[in-house]
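Engineer: What follows is a single structure, and I will ask about it in a moment.
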Amino acid sequence: MMFKPLLKLLPAPFIAASLLLAGCNDAPSTGQSAPTKAASAQVSLAAVATEAEGFTVGTTMSARTVYVFFDAQCPHCATLWKNAKPLKSQAKFVWIPVGLINPSSTAQGATLLAAQDPVAAMDEHEASLQAQRGGISAGRNLDAKKAVLAKNTELFNRFGFSSVPTIVGTHAQTGALVTQEGALSTASLATFLGLQAPAQ
């Protein structure tokens, strides 16, 4: 499990709380975390926007866009999917599937991309995953979408990311690029992105 907070932007209590939340990585199951991959390119919002393909949750005309790399087999991604929903009125979240964990990651990710309503399909999938039922059944004739996942995964690796979910966006108050590997609570996600925390 890897975690890369931007220490200059985040207060210490927030960082400490965030460390309690985990992410999934593509390391072999040895009980150890994967080493951080060497990035061959700087993280770029422009590259993510033009090279990655995902599906949008929230107001499509929102001035704020947040990108989330996720693996369909990652339970922590299911947690972030749920926790990001209360913030969708403040930002457009683009969920970008990658294939890291196992063959089902690619098949299910491609199925989500090919769905007529990807958001509804993702709701069904994540509910199944959290209930430990394995997620949605993979569709057929997915070669084109599997090729998209391969490109998404290549971009993820090029940036040197090591675990999912990975969040890439800009801080709403400072305009600074922010990245985060691992799930966050709704309140912590709002703070991380400079958004207004929803009322409890």
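Engineer: Assuming 0.36 nm per residue, please report the length gained on full extension of the stretch residue 102 to residue 42 beyond their Cα-Cα distance.
Structural biologist: Details: separation 60, 0.36 × 60 = 21.60 nm, distance 2.67 nm.
Length gained between residue 102 and residue 42: 18.9 nm.
Engineer: Among 55, 69, what is the fewest-to-most ranking by other Cβ atoms within 10 Å? Show your work: numbers first, answer last.
Structural biologist: Numbers: 55 17, 69 28.
So the residues, fewest neighbours to most, are 55, 69.
Engineer: Calculate one ³J(HN,Hα) per residue across the range 98-109 by plugging θ = phi - 60° into the Karplus curve 6.51 cos²θ - 1.76 cosθ + 1.60, and present them in order as whole Hz with x for glycine and proline.
Structural biologist: Result, rounded to whole Hz: 10, x, 10, 8, 7, x, 5, 4, 6, 5, 6, x.
Engineer: Based only on other Cβ atoms within 10 Å, what is the fewest-to-most ordering of 167, 101? Don't skip to the end; give the middle numbers.
Structural biologist: Details: 167 23, 101 17.
Ranking 167, 101 by Cβ neighbours within 10 Å, fewest first, gives 101, 167.
Engineer: Show the residues, 5+ positions off or on another chain, whose built amide H is closer than 5 Å to the amide H of residue 66.
Structural biologist: 92, 93, 94
Engineer: Follow-up question, since we're still on this one. What distance in nm lies between label points placed 7 Å from Cα along the C-beta direction at residue 89 and residue 119?
Structural biologist: The two pseudo-label positions are separated by 1.4 nm.
Throughout, read-outs are computed from the coordinates displayed, never taken from laboratory work. Keep in mind it's a predicted model, so treat the numbers as computed, not measured. Counting neighbours? That spans all protein chains shown, and the Cβs are built from the backbone with ideal geometry, glycine included.
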